[in-house]
1. Pairs needed: first member in the range 186-199, open to solvent by 40 Å² or more (accessible area, probe 1.4 Å) and modelled with pLDDT of 95 or more; second member anywhere, acidic (Asp, Glu) and part of a loop (DSSP other than H, G, I, E, B); C-beta distance under 8 Å; at least 6 residues apart or different chains.
2. Scanning for something among the aliphatic types (A, V, I, L, M) and open to solvent by less than 20 Å² (accessible area, probe 1.4 Å), does the range 114-124 turn up at least one residue?
3. I'd like the full set of residues that are open to solvent by less than 10 Å² (accessible area, probe 1.4 Å) and assigned to a strand (DSSP E or B), limited to the range 445-467.
4. Of the residues Gly343, Gly354, Gly330, which is surrounded by fewer than 21 Cβ atoms within 10 Å (Cβ to Cβ), assigned to a loop (DSSP other than H, G, I, E, B) and touching a Gly at 6+ places or on another chain (Cβ under 7 Å)?
5. Working carefully through the options Glu47, Glu20, Glu40, Glu65, find the one that is touching a Pro at 6+ places or on another chain (Cβ under 6 Å) and either among the hydroxyl-bearing types (Ser, Thr, Tyr) or open to solvent by 10 Å² or more (accessible area, probe 1.4 Å) (or both).
6. For Ile258, work out the one condition from (1) under 23 Å from Leu17 (Cβ atoms); (2) in a loop (DSSP other than H, G, I, E, B); (3) of a type outside the set (Asp, Glu) it doesn't fulfil.
7. Restricting to the range 261-284, what's the tally of residues that are touching a Pro at 6+ places or on another chain (Cβ under 7 Å) and in a strand (DSSP E or B)?
8. Name every residue in the range 290-316 that is among the β-branched types (Val, Ile, Thr) and touching a residue at least 60 places away in the same chain (Cβ under 8 Å), in order of residue number.
Amino acid sequence: MPETTYVVDSIDMADGLSGEVGAMAFLPSGKLIAAFRRGEVMTYDIEKREWSVFAQGLHLPLGIEVLSENEILVMQYAELTRIKDVDGDGQADQYLVETDDFGISGNYHEFTYGPVKDESGNHFIGLNSTSSGGVMMDELRGEKKEIGFREKGMYAAVPYRGWLMKWTVDGQLQPFASGFRSPNGLGFDLDGHLLVTDNQGDWVGTSPLFHVEEGKFYGHPASLVWEEGWNRGRPSDLPIEVLDSMRQRPAVLFPHNIIANSPTQPLCDDTGGKFGPFAGQILVGEMNQERIVRVMLEEVGGALQGACVPFLDEQGLRKGNNRLAFDEEGRLWVGQNASGWAGSSGIQCISYTGKMPFDILTMKIIEGGFELTFTKEISEDILSDLNHYLVSSYYYNYHEKYGSDQMDKKDIGIQSIEVLDKGKKVRLLLDTMEKDRIYEMQLQDVVSQDQDTLENNLICYTVNHLK
């Protein structure tokens, strides 16, 4: 058996290429196609290990959807663009604007993400809020609302900054959901739920993963000025209790400096087991650490919630993990970016060796506690020993201040332990279970029956609803 479960290989970049990846996907031929910060779109022949130029001159491309071997959609800073190689020579001849019906002030922070497509053929894009750390240009695209401007924090003075937008099958760009600060990651799970990450900052105590639904508000108030009929003044001036009652809770919170500092693209493992035992779960890139995070979701109380756990730490992985894509062989390709923040550049490929990892497979909430399932059997002596578990709970403040400390952190005792399924499952009943809190669990000195060491001993569950 191989010694490691996953192998990380670095891809040689083309001469002169910046290597900062904004978007990445695979063509029907199996070639990788990637867009880079300076505006190149390149294809990479995996077998020949050769790069070729497909398109050039784009402005901060941060998303690609492949339409065919010769045609793609690219999300640029200012527009969603259809790019096509008409004569079949491998280089684009045609650049067409598909939609640019949103505001731009010229602010450096007005990134645009997506597109991702639902089962009905509608596309979704994310519009970053504007940063007070930059300036607005004199010439704007779209109407300007003075109440949307703020001298400190993120704001939305031009149309639909901080919104997710829906580009319909008939070519209309419509506001879909509000309340985002910096949604650098859109994707779908196997059930068609639209998942979006956001980044810690003002009004975002720690970075979240949202299940986004039409017409709902997700917490950052700046975007509310662009709600139809808005007449309540500057949204950030509303009482926090009012804003808190309006917002949707994240499905999962990533504790800052513990799980993720700057999460990026959520990608569903749709490989059917080619990438290991976590099929159907969500992988999320992380910019500030040499890490990819794994998310396991479940429906409780009519809404999604769940747990997050480090999936891969270091092992040759770099920082700046901005974009993820699976190839037909079930290998995970990771595109890295720094863009002036913590990060790196380049592309790496992660392959599953076939060695079963020893890890937490799932964490589910039960009445009074949690049920953990592992990928390997563990002796009952270990699983039933209280000394192997450390449980705490806390929450993050929802407020205008940048980020939040862990609030009301307290240690949680374990009432009882039940070992099931020959040591692959354990049920923990806790002294206290409260909603609207994160439950952080550390598993200490846990080894499997075959003497393997637990890959990741830290897992955090976001409790929005109790069983």
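The values are calculated or read from the model by the stated rules, or taken from the named source; none is laboratory data. Just so it is clear, the structure is predicted and the values come from calculations on it, not from any experiment. Note that we place each Cβ from the backbone using ideal geometry, even for glycine, and neighbour counts take in every protein chain shown. Please note that ligands, DNA and RNA were not included when accessible areas were found on the heavy atoms of the full protein model with its side chains. Shrake-Rupley method; radii C 1.70, N 1.55, O 1.52, S 1.80 Å.
1. Phe188/Asp118; Leu190/Asp270
2. Here is the first cut: in the range 114-124, the ones among the aliphatic types (A, V, I, L, M) are 116.
When the remaining residues are screened for being open to solvent by less than 20 Å² (accessible area, probe 1.4 Å), the result is none.
Among the residues of the range 114-124, not one is among the aliphatic types (A, V, I, L, M) and open to solvent by less than 20 Å² (accessible area, probe 1.4 Å), which makes the answer no.
3. Matches in the range 445-467: Ile459, Cys460, Tyr461, Thr462, Val463.
4. Values: Gly354 fails: touching a Gly at 6+ places or on another chain (Cβ under 7 Å); Gly330 fails: touching a Gly at 6+ places or on another chain (Cβ under 7 Å).
Result: Gly343 is the single residue among Gly343, Gly354, Gly330 that is surrounded by fewer than 21 Cβ atoms within 10 Å (Cβ to Cβ), assigned to a loop (DSSP other than H, G, I, E, B) and touching a Gly at 6+ places or on another chain (Cβ under 7 Å).
5. Working: Glu47 fails: touching a Pro at 6+ places or on another chain (Cβ under 6 Å); Glu20 fails: touching a Pro at 6+ places or on another chain (Cβ under 6 Å); Glu40 fails: touching a Pro at 6+ places or on another chain (Cβ under 6 Å).
Going through Glu47, Glu20, Glu40, Glu65 in turn, just one is touching a Pro at 6+ places or on another chain (Cβ under 6 Å) and either among the hydroxyl-bearing types (Ser, Thr, Tyr) or open to solvent by 10 Å² or more (accessible area, probe 1.4 Å) (or both): Glu65.
6. All conditions are met except number (1).
7. Count: 2.
8. Taking the range 290-316 as the starting set, the residues that turn out to be among the β-branched types (Val, Ile, Thr) are 292-293, 295, 300, 309.
Answer for the range 290-316, where residues must be among the β-branched types (Val, Ile, Thr) and touching a residue at least 60 places away in the same chain (Cβ under 8 Å): Val295, Val300, Val309.
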